[in-house]
Amino acid sequence: ANNPHYLEWALRLTRTGSLRGPAPPAGAARPACPRPHPRRHPHPACHGHRNTYRNRELNLRKDSRTMANTETALKEALTSIEGATGVALVDYTSGMALGTLGGSKTFDLNVAAAGNTDVIRAKMRTMEHLGLNAEIEDILITLSDQYHLIRLLKGRGGNGLFLYLVLDGRANLAMARHQLKRIESELEV
């Protein structure tokens, strides 16, 4: 396992995220297999280990697709929704923004995301105290020169997440809500 040739090959394999890469360099010794097998195998993705490595490869692909999907959704929200000045995907259990786009020097989307997490928590707590079983679709905050639209994600993988959209005062709210709903339905997290 401490052979530098093997480690170089393993590092290259990790970077590419594929098991179908080049074979290990000549002279690279493979690490000792915890489950010996009479047949020599070229890499550690052998008999019982294959599923572990295959799952790692699939998870790498899924993570990169999720990241790309998140970036695409944020870009689409910012460019396709008229009057949008900032957008963020936020985890309201932690208050952390998973991705932001737009904003300005005077408007920090990360601070706004954390603050709006408190808004969602307060509304959920109030609904619980009132015994309401309905789900929040979105929350609109109207300022003198801006609209802030918060849309909770529904469906698979969206639990605990919301899209936060900042619009200037001339935006069409009905169209913004409609487009944000469409973007939310296409987003896979």
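The values are calculated or read from the model by the stated rules, or taken from the named source; none is laboratory data. Here the structure is a predicted model, which is why all the values come from computation and not from measurement. Here the Cβ is made from the backbone with ideal geometry for all residues, glycine too, and neighbour counts use every protein chain on show.
Quick rundown of the values:
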read-out: Counted residues, region 149-189 - those being within 19 Å of S80 (Cα to Cα) and part of a strand (DSSP E or B); value: 10
read-out: Residue pairs meeting the criteria (Cβ under 7 Å; at least 6 apart or on separate chains; first in a strand (DSSP E or B), in region 82-109; second basic (K, R) and modelled with pLDDT of 90 or more); value: L101/K75
read-out: Selection within region 64-86 - within 14 Å of the chain's Cα centre (by Cα) and within 15 Å of L153 (Cα to Cα); value: T66, N69, T70, A73, L74
read-out: Failed condition for G102, given (1) within 20 Å of the chain's Cα centre (by Cα); (2) farther than 19 Å from G169 by Cβ; value: (2)
read-out: Residue among E137, E184 that alone is of a type outside the set (A, V, I, L, M), in contact with a Lys or Arg (Cβ under 9 Å, 6 or more places away or on another chain) and closer than 15 Å to E76 by Cβ; value: E184
read-out: Every pair of residues 6+ apart whose Cβ atoms lie under 7 Å, when the first sits in region 167-189 and is closer than 24 Å to S144 by Cβ while the second is hydroxyl-bearing (S, T, Y) and in a helix (DSSP H, G or I); value: Q179/S80
read-out: One residue from L153, L165 being at pLDDT 95 or above and closer than 17 Å to T70 by Cβ; value: L165
read-out: Residue that is farthest from A73 (Cα to Cα), among those in region 104-113 that are surrounded by 12 or more Cβ atoms within 10 Å (Cβ to Cβ) and of a type in the set (A, V, I, L, M, F, W, C); value: F107
read-out: Sole residue being within 25 Å of the chain's Cα centre (by Cα) and surrounded by fewer than 13 Cβ atoms within 10 Å (Cβ to Cβ), chosen from S144, S185; value: S185
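Residues checked against (1) surrounded by 14 or more Cβ atoms within 10 Å (Cβ to Cβ); (2) within 14 Å of T70 (Cβ to Cβ); (3) modelled with pLDDT of 95 or more:
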| residue | (1), (2), (3) |
| --- | --- |
| D91 | yes, yes, no |
| G95 | yes, no, no |
| L98 | yes, yes, no |
| G102 | yes, no, no |
| G115 | no, no, no |
| L130 | no, no, yes |
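Every residue, every condition in (1) assigned to a helix (DSSP H, G or I); (2) modelled with pLDDT of 90 or more; (3) crowded, with 17+ Cβ neighbours inside 10 Å; (4) touching a helix residue (DSSP H, G or I) at 6+ places or on another chain (Cβ under 6 Å), yes or no:
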{"position": "H49", "(1), (2), (3), (4)": "yes, no, no, no"}
{"position": "T52", "(1), (2), (3), (4)": "yes, no, no, no"}
{"position": "T66", "(1), (2), (3), (4)": "yes, no, no, no"}
{"position": "A77", "(1), (2), (3), (4)": "yes, yes, yes, yes"}
{"position": "R125", "(1), (2), (3), (4)": "yes, yes, no, no"}
